[in-house]
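Read the structure below first, then the notes.
The values are calculated or read from the model by the stated rules, or taken from the named source; none is laboratory data. In this text the structure is predicted, and so the values were computed from the model without any measurement. Neighbour counts are summed over all protein chains in view; Cβ atoms, including those assigned to glycine, are modelled from backbone coordinates with ideal geometry.
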């Protein structure tokens, strides 16, 4: 049995003459249901989604860019900091967003959504209204935190608001261990007492958090988000040194200032926060997704296309777009986005190294590797952020790519052609690198286990179909 509170992506599909809500869990869409008086449904059949691509099509037209997932998630968690309504516009329609909404509801956050749509008709996404008038539970259990690492960030807001929290340790993930030690350093610097009990972090600050000095030994986006959220409701001044500079950090900081916090140094490695005893409600528009922007830009360059990416901003990913230009693509600003094209030119090889912002994003490494598989020469990609983030290599090899791994470096020898094959998605960014490779490959590519894509890319197939790709989602 599965209730509407289960960790599924609920989709509005035709059923018995109406637009019924049916669930998809981990890429499994359930197609037959039986309702009951309790509002629960019985699963009577299920099939795993796959994506089929016929490569060789040139992409032309325009693609609307969605709101940034990496900003949307911490912005949703910011709702825990106030008893008033937080309204978030331009929210992406993603599996991770839906899961986090259910996790927050467990803590007492009410939410409603405007702008639901089955197709990407509006580039401005959905509007979420979140209200945490009362926190009803300060425990985040393992079964919830294990579904999404970002949900661990509720620790700081819960302690700041309620004086205590018990949050499961998230464990590892497919692309590395992502330790939480820097999160705990931040909480201790803000006056919280930390204990570990049966796989849970137990944090207490009965008199509330107080400002302090947080010095990160390495740049961490997650720890910076967590510290920024907690410090906004801590008494006095907090200074965060060696803070991450990603645009999503700045977007969350801008929202927190609307809620009443005073934050200096936005966009720099030193943040100075004047916290408040209480924060107010606010309305904030999520910035465009730079990873989605870079992904589609690389897909266009890979296929020799000409596409306008609407609603995005070049300065969010200058380094990645500069790299794309160096491979032979043209990138120009438009009134409402950027235009990417590659007409008649080959793909030039280029070596890159992932770095924290403003360097080349680790979240675009796999996509860039897919592009380099067809370059006219040899490229080297060094991954400096996450260990074990080369799992897409063996799947690209199934399409004919020639890639050698040496520790944290991958050497890619460009080939004249890729050939479609059956491949398996291993994580979110690796999944979409296979889509780019499939768009370049001759013949049919079938990508299995595509639920990873639903976590981070909104209406991917529809957006690509709209610019000429032959791509479809298959059930069964």
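How many residues are surrounded by fewer than 21 Cβ atoms within 10 Å (Cβ to Cβ) and not in a helix (DSSP H, G or I) when one looks only at segment 448-458?
Final tally of qualifying residues: 2.
When only residues in segment 220-255 that are free of Cβ contacts under 8 Å to residues at least 40 places away in the same chain and under 17 Å from residue 281 (Cα atoms) count, which is surrounded by the most Cβ atoms within 10 Å (Cβ to Cβ)?
Looking at the filtered set, the residue picked out is 253.
I'd like to know if segment 317-339 contains one or more residues that are closer than 25 Å to residue 263 by Cβ and surrounded by 24 or more Cβ atoms within 10 Å (Cβ to Cβ).
Yes, some residue in segment 317-339 is closer than 25 Å to residue 263 by Cβ and surrounded by 24 or more Cβ atoms within 10 Å (Cβ to Cβ).
Can you go through 51, 63, 41 and tell me which one is at pLDDT below 50 and buried (at least 18 other Cβ atoms within 10 Å of the Cβ)?
41
Keeping to segment 429-447, report how many residues are at pLDDT 90 or above and either in a loop (DSSP other than H, G, I, E, B) or crowded, with 22+ Cβ neighbours inside 10 Å (or both).
At the first step, the residues of segment 429-447 found to be at pLDDT 90 or above are 432-447.
Subsequent filtering for residues that are either in a loop (DSSP other than H, G, I, E, B) or crowded, with 22+ Cβ neighbours inside 10 Å (or both) retains 432-441, 443, 445, 447.
Number satisfying all stated conditions: 13.
Can you tell me how many residues within segment 300-342 are assigned to a loop (DSSP other than H, G, I, E, B) and more than 24 Å from residue 125 (Cα to Cα)?
First pass over segment 300-342, keeping only residues assigned to a loop (DSSP other than H, G, I, E, B): 304-305, 311-313, 327-329, 335-336, 342.
After this cut, where a residue has to be more than 24 Å from residue 125 (Cα to Cα) as well, the list is 304-305, 327-329, 342.
Counting residues in segment 300-342 that are assigned to a loop (DSSP other than H, G, I, E, B) and more than 24 Å from residue 125 (Cα to Cα) gives 6.
Strands (runs of 3 or more DSSP E) wholly in segment 70-147 with at least 2 residues that are at pLDDT 95 or above, touching a helix residue (DSSP H, G or I) at 6+ places or on another chain (Cβ under 8 Å) and more than 19 Å from residue 453 (Cα to Cα) - which ones?
Details: elements: 85-91, 110-114, 126-131.
Result: 85-91, 126-131.
Picking from 311, 304, 344, 294, which residue would you name as being buried (at least 18 other Cβ atoms within 10 Å of the Cβ), within 23 Å of residue 435 (Cα to Cα) and at pLDDT below 95? If you could, list the steps in order and put the result at the bottom.
Details: 311 fails: at pLDDT below 95; 344 fails: buried (at least 18 other Cβ atoms within 10 Å of the Cβ); 294 fails: at pLDDT below 95.
Answer to the selection: 304.
Test each condition in (1) assigned to a helix (DSSP H, G or I); (2) more than 24 Å from the chain's Cα centre (by Cα) for residue 347 and report the one that comes out false.
So the condition that residue 347 fails would be (1).
Only one residue in 328, 337 is in the same structural domain as residue 382 (by TED's automatic domain parsing), under 22 Å from the mean Cα position of the chain (by Cα) and at positive phi, so which one is that? Spell out the reasoning first.
Values: 328 fails: under 22 Å from the mean Cα position of the chain (by Cα).
It is 337.
Based on this model, can you work out whether residue 426 counts as surrounded by fewer than 17 Cβ atoms within 10 Å (Cβ to Cβ) and on the phi < 0 side of the Ramachandran plot? Talk me through it step by step, then tell me what you get.
Details: surrounded by fewer than 17 Cβ atoms within 10 Å (Cβ to Cβ): no; on the phi < 0 side of the Ramachandran plot: yes.
No, not satisfied.
Go through segment 126-175 and count every residue that is over 24 Å from the mean Cα position of the chain (by Cα) and on the phi > 0 side of the Ramachandran plot.
Within segment 126-175, residues that are over 24 Å from the mean Cα position of the chain (by Cα) and on the phi > 0 side of the Ramachandran plot number 1.
For segment 364-426, list the strands (runs of 3 or more DSSP E) that sit wholly inside it and hold at least 3 residues that are over 27 Å from the mean Cα position of the chain (by Cα) and either assigned by TED's automatic domain parsing to the domain that holds residue 352 or modelled with pLDDT of 95 or more (or both); which are they? Step through it out loud before you land on a result.
Details: elements: 378-382, 402-406, 409-413, 422-424.
Correct list: 402-406.
So that you can scan it fast, the table gives a plain yes or no per residue for (1) touching a residue at least 12 places away in the same chain (Cβ under 8 Å); (2) touching a helix residue (DSSP H, G or I) at 6+ places or on another chain (Cβ under 8 Å); (3) over 18 Å from residue 357 (Cβ atoms):
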| site | (1), (2), (3) |
| --- | --- |
| 297 | yes, yes, no |
| 307 | yes, yes, yes |
| 317 | yes, yes, no |
| 322 | no, no, no |
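Cβ-Cβ below 6 Å, separation at least six or inter-chain, first residue in segment 385-408 and farther than 24 Å from residue 179 by Cβ, second in a helix (DSSP H, G or I): which pairs?
395/434; 396/437; 399/437; 403/393
Out of (1) modelled with pLDDT of 85 or more; (2) outside any helix (DSSP H, G or I), the odd one out for residue 158 is which?
So the condition that residue 158 fails would be (2).
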